[in-house]
Amino acid sequence: MRDIFPEFYTPTNDEFDKLWQEALVVVDANVLLSLFRHQKKVVSEIIGLLNVLRDRLWLPRQVGLEFHRNRHSVIFSLEKPYNRIDELISKLSANFSADIKKLSSEFRYHPTLDFKKLLESVQHFVSSVTEYTAGTQKELPGEADVEALLQQIAALFDGRVGDGIQDKSRLIKDARERFKNKIPPGYMDVDKPDAEAIGDFIIWEEMIAHATKEKRPIIFITDDAKEDWIQRVSGRTIGPRPELIREFRDRTSQAFYLYNLPHFLEQARGRKIGEVSAETVRDAEVVSTAQAGQAQAPSRAAELTRELKSVDEFLRNHEMQRVQALQKFKSLGKQIEIMPDFGGGVHAHPRRTYWDDLRRSYEETEEELEYLTKLVVDASHERANLAFELQRLTGSDVP
């Protein structure tokens, strides 16, 4: 059965050995861009490993485009946390100091609290954070470091870049059909403009074309952790999507396998290819995990925006119903206030039934009001949580 459904089985040790001996190695743009986020020692070891594999490296043209288009934003993004920390510290210091001064005015003489020491503690904390961030900011790669790394990356792929695919209109048409049916890869980018949405699909088609031409298998190194590349079950990563392995084999008669950077480094270290330390594998794991989260942020932000829109619509409708129920409840309450006392006589008052119906309606409206109020409160909490997560992802205030 394994020979009929090979995509559902982990390759054997012999199959992995053959793959590592024969496969072309394709590095995704997100992995190349991550080199700007690693420490110098880690970068040196990764570049060294790729140099060992240099004769087998190959770069899809789309990967090269994405790398060059995004490298400046990645480099400049390293400064962003420092700016955010400066803003946070300024707000914290100003708000805390103002509140402490108000308290010191209200409780001018307190037997145990020294408000002056509290203020001094805050100022000491701010100074410590500022000193730390200023020191680490100096360690960021300068222009010379960035240029040197860029030249090293460029040298790795000299004469090893694909020609690309010219018929983009056909690709867009094919991609739309595949995305509609959730055929990997690329459908997780369906909400992006066409030129961006088909990026992964272009890389896929380039790899298939090149593997067919060269009659060689491919190892693809990517830190893209979206479900249109990676198979997950109950939160656990299984490996490349089986559909990818099957399609690659059917169209090229070659094997395909996918690693994220830390797993690739770990495998290379185990096979004694290059000089990769355990520290480099661990550092790659940290950066890979963070990068995967950042890569998924736009799609998660779009999902959160849709959820917020739905919750807002729910809130509008049910708040309107709640207001109507409240008005009805108040109106019935006023009528009940003037309800006559019918006493305990055995003879029914001619309007007793009317007033009983009125009280029953009042009680039912009260229950409806409590129910609607709970719905609105719960939905408001849900909206607040969604807005908080969206603000954390985008860094922008959510109205």
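The values are calculated or read from the model by the stated rules, or taken from the named source; none is laboratory data. Computed from a predicted structure; not experimentally measured. Cβ sites come from the backbone with ideal geometry, for glycine too, and all protein chains shown count toward neighbours.
Summed over the stretch 33-76, residues that are farther than 29 Å from residue 216 by Cβ, surrounded by 14 or more Cβ atoms within 10 Å (Cβ to Cβ) and small (Gly, Ala, Ser) total 0. I'd like to check something: does the stretch 16-37 contain any residue that is out of contact with any Asp or Glu (no Cβ under 8 Å at 6 or more places or on another chain), among the basic types (Lys, Arg), in the same structural domain as residue 159 (by TED's automatic domain parsing) and at pLDDT below 90? Yes, because at least one residue in the stretch 16-37 is out of contact with any Asp or Glu (no Cβ under 8 Å at 6 or more places or on another chain), among the basic types (Lys, Arg), in the same structural domain as residue 159 (by TED's automatic domain parsing) and at pLDDT below 90. Taken residue by residue, the stretch 105-113 has no member that is buried (at least 16 other Cβ atoms within 10 Å of the Cβ), more than 35 Å from the chain's Cα centre (by Cα) and not assigned by TED's automatic domain parsing to the domain that holds residue 222. If you go through the stretch 43-66 and keep only what is of a type in the set (A, V, I, L, M, F, W, C) and touching a strand residue (DSSP E or B) at 6+ places or on another chain (Cβ under 8 Å), you end up with 50, 53, 57, 58, 59, 63. Yes or no: the stretch 196-214 includes at least one residue that is modelled with pLDDT under 95 and among the small types (Gly, Ala, Ser). Checked the stretch 196-214: at least one residue is modelled with pLDDT under 95 and among the small types (Gly, Ala, Ser). Every test in (1) buried (at least 17 other Cβ atoms within 10 Å of the Cβ); (2) touching a Pro at 6+ places or on another chain (Cβ under 7 Å) is passed by residue 22 save one, and that test is (1). The single residue among 342, 329 that is of a type in the set (Phe, Trp, Tyr) and either closer than 19 Å to residue 376 by Cβ or at pLDDT 80 or above (or both) turns out to be 329.
Scanning the stretch 231-243 finds no residues that are modelled with pLDDT of 90 or more, basic (Lys, Arg) and in a helix (DSSP H, G or I).
Specify the residue that is farthest from the chain's Cα centre (by Cα); the eligible residues are those in the stretch 221-271 that are loosely packed, with under 15 Cβ neighbours inside 10 Å and at positive phi.
253
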